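For reference, the structure discussed in these notes is given below.
The values are calculated or read from the model by the stated rules, or taken from the named source; none is laboratory data. Bear in mind that the values here come from a model prediction, so they are computed numbers and not experimental data. Here the Cβ positions follow ideal geometry from the backbone for every residue, glycine too, while neighbour counts run over all protein chains shown.
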Amino acid sequence: MMLIPTHHFRDIERKPEYLQPEKCVPPPYPGPVGTMWFIRDGCGIACAIVTWFLVLYAEFVVLFVMLIPSRDYVYSIINGIVFNLLAFLALASHCRAMLTDPVRTCTEMAFTLLVSFPEKLDKPVLGRSDCLLGAVPKGNATKEFIESLQLKPGQVVYKCPKCCSIKPDRAHHCSVCKRCIRKMDHHCPWVNNCVGENNQKYFVLFTMYIALISLHALIMVGFHFLHCFEEDWTKCSSFSPPTTVILLILLCFEGLLFLIFTSVMFGTQVHSICTDETGIEQLKKEERRWAKKTKWMNMKAVFGHPFSLGWASPFATPDQGKADPYQYVV
C-alpha cells in the first residue's frame, strides 16, 4: 500500500492564500521551441567562465609549450588533433549542459492524479495540461487551473509553495534555478545549471571528455619532462626553462585534480542512470514508486534510442521516444 504523506495536504489547507491569483501568476506565453535556457546566477556564471579558462589554459600549454616546439612532427600532429578534438567536444558538451532546459519540453503534458485515499489508489484520474517551457510549468498551481482538473472531493494536489507549481512525481525544487526540476540529480555550478532528465547526457559527456583530456595532458607532460631531462631545456620549449617548468607543473596539477574529480562524477552519473535513481533521491532515501527498468533501457532513456555513435556526440539530441506520463501525486 502506498503511503501518502499528509503534510502536503495540511500545508495547502493552512495556507489557502497560495492558491489566490495574486500569489500564483502563470508565466507569460513561452517563446518558440529552441529558446535558449540560461540561469542568471553569479556564482554559476563565474564557475562556467573558470571552466573555459582552465580548458583554454591546457590548450595553450599543450600547443605552445609541448607540441609546436617539438621536432617530432608526427607526434605533434597526432596528439594535437586528438587533444583539440577532445577539448572541443568537452566545451561543446559544457555548452549543451548549460544552455539546455533540464526538463523535457512537450506540446501536451499528460499526468496521473493519484487520489489520497488508499482504497482508491488503483483508480487514477487522467487529465491533460498545456505545457509551458519545460515540463514543470512555473506558477501553474492557480485556483483556476486546479479547478479545471475537476478533482473529486477529498483529492488534493502536491504543490511547491516556493515556485507555486503543481509538483509532479520525482520533482525537486532548485533554489538556484527557482523552479521544480523533474528527475533532478543536482545543481552543478560548473555548468551553471541543474542536471535533469533533459541535459544529463551532456553533463555525462562533459565529465567524460574532461577526464580524457586531463589524462591525455598528464601523459604528454610526463613524456615532455623525460624528453627535456635528456635534451637541453632551452630546446624543449619556446619559453625559458623556469617558465616552462612552472607552466607544466600547473598543468600537471590541474590535470590530476580534474581527472580524479570528473572520473568520480562520471562514475556516479552512470551508476545513477543505471539504477534510475537520482542523486537527491539516493541522498534522501526516497521510497521508489516508479517502474523498474533494465540498466540498458535506463541508458537508452538518457542517451537516446537506439544505440549509436550519437551517444558520444554533444550535438546529437537524444531521442527518448514517447515520454513517460508525468505523475502527479495527490
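If you go through the range 242-274 and keep only what is within 19 Å of the chain's Cα centre (by Cα) and not aliphatic (A, V, I, L, M), you end up with F258, F261, T262, S263, F266, G267, T268, Q269, H271, S272, C274. Of the residues in the range 292-311, none is under 23 Å from G80 (Cα atoms), in contact (Cβ under 8 Å) with a residue 60 or more places away in the chain, outside any loop (DSSP other than H, G, I, E, B) and of a type outside the set (S, T, N, Q). Looking across the range 61-76, the residues that are surrounded by 12 or more Cβ atoms within 10 Å (Cβ to Cβ) and assigned to a helix (DSSP H, G or I) come down to V61, V62, L63, F64, V65, M66, L67, Y75, S76. Restrict the check to the range 36-44 and report whether at least one residue is in contact with a strand residue (DSSP E or B) (Cβ under 9 Å, 6 or more places away or on another chain) and in a helix (DSSP H, G or I). Scanning the range 36-44 turns up at least one residue that is in contact with a strand residue (DSSP E or B) (Cβ under 9 Å, 6 or more places away or on another chain) and in a helix (DSSP H, G or I). Looking at F203, F223, just one residue is in contact (Cβ under 8 Å) with a residue 40 or more places away in the chain and either part of a helix (DSSP H, G or I) or within 29 Å of V302 (Cβ to Cβ) (or both), and that residue is F203. In the set I146, I81, only one residue is surrounded by fewer than 20 Cβ atoms within 10 Å (Cβ to Cβ), at pLDDT 80 or above and not in a loop (DSSP other than H, G, I, E, B); that residue is I81. Return yes when L218 is at pLDDT 90 or above, surrounded by 12 or more Cβ atoms within 10 Å (Cβ to Cβ) and touching a His at 6+ places or on another chain (Cβ under 7 Å) and no when it is not. Criteria not met by L218. Is it the case that the range 249-269 has a residue that's over 24 Å from V55 (Cβ atoms), of a type outside the set (S, T, Y) and without any contact (Cβ under 8 Å) to a residue 60 or more places away in the chain? Within the range 249-269, not a single residue is over 24 Å from V55 (Cβ atoms), of a type outside the set (S, T, Y) and without any contact (Cβ under 8 Å) to a residue 60 or more places away in the chain.
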